[in-house]
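Here's the structure we're looking at; comments come further down.
The values are calculated or read from the model by the stated rules, or taken from the named source; none is laboratory data. This one's a predicted model, so the numbers in the text were calculated from it and none came from an experiment. No Cβ is skipped: glycine too gets one built from the backbone with ideal geometry, and neighbour counts run over all protein chains shown.
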Amino acid sequence: MKSINQTICLSLMVVVLWLAVGASNAIADIAVIVHAGHAESSLTKNQVRAIFLGKTSKYPGGGAAEPVGQAEDSLLYASFVEKVLRKNTAKLKAYWASRVFSGKGTPPQSLSDDEAIKDHVSKHKEAIGYVASDSVDGSVKVIFTLK
């Protein structure tokens with residue numbers, strides 16, 4: 001009986017691990033977007049990181065940069081935080097708590113999903129956001145893609 005329970009437990013753990021790996025691989029490429037008429041044509045990962053961490057409030061070519069992000073419960077948010085900002089979600093919350101407390105900045109506005117972010121970015125020339133690359137359309141311009 002003990003070996004059957006161990007086998008079932010091990011099998012369940014393998015299935016959960018397989019699903020977790022599959023889910024993380026299922027996340028589409030991340031497209032960092034700006035207004036379709038924006039002068040910037042591309043940004044580096046470090047420039048995107050600096051904007052989303054509030055270390056700069058301007059685009060490299062000048063002009064205000066106002067980041068908007070995904071809802072904290074989305075897989076895209078977690079992927080962006082890990083791969084672009086190089087933090088986990090808990091460390092990012094602590095980072096922003098410290099910046100807010102010290103008066104050095106506020107976190108990016110959080111919007112509900114890709115459509116809300118595209119809509120906001122398409123209406124605000126200073127906005128920068130990120131969406132799944134397969135949701136990009138002509139209303140915005142991609143300036144960085146994370147594969």
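Before moving on, here are some points about what is shown:
- For beta carbons closer than 9 Å, sequence separation of 6+ or different chains, a first residue in the range 93-112 that is polar (S, T, N, Q) and a second that is in a helix (DSSP H, G or I) and modelled with pLDDT of 95 or more, the qualifying pairs are Thr106/Trp96; Thr106/Arg99; Thr106/Val100; Gln109/His120; Ser110/Tyr77.
- Listed by first and then second residue, the pairs with beta-carbon distance under 8 Å, at least 6 apart or on different chains, first residue in the range 50-67 and touching a residue at least 12 places away in the same chain (Cβ under 8 Å) and at negative phi, second of a type in the set (D, E, K, R) and assigned to a loop (DSSP other than H, G, I, E, B), are Tyr59/Glu40; Pro60/Glu40; Gly61/Glu40; Ala64/Glu126; Ala65/Glu126; Glu66/Glu126.
- Considering the conditions (1) aliphatic (A, V, I, L, M); (2) surrounded by fewer than 19 Cβ atoms within 10 Å (Cβ to Cβ); (3) under 23 Å from Asp29 (Cβ atoms), Ala65 is excluded by exactly one of them, (2).
- Of the residues examined, Thr145 is not one that is part of a loop (DSSP other than H, G, I, E, B), polar (S, T, N, Q) and at pLDDT 95 or above.
- Considering the range 83-104, and only residues there that are surrounded by 15 or more Cβ atoms within 10 Å (Cβ to Cβ) and not hydroxyl-bearing (Ser, Thr, Tyr), the residue that is nearest to Asp134 (Cα to Cα) turns out to be Val84.
- Among the residues of the range 105-132, those that are surrounded by 17 or more Cβ atoms within 10 Å (Cβ to Cβ) and of a type in the set (Ser, Thr, Tyr) comprise Ser122, Tyr130.
- Of the residues making up the range 54-93, those that are of a type in the set (Asp, Glu) and over 17 Å from Gly105 (Cβ atoms) are Glu72, Asp73, Glu82.
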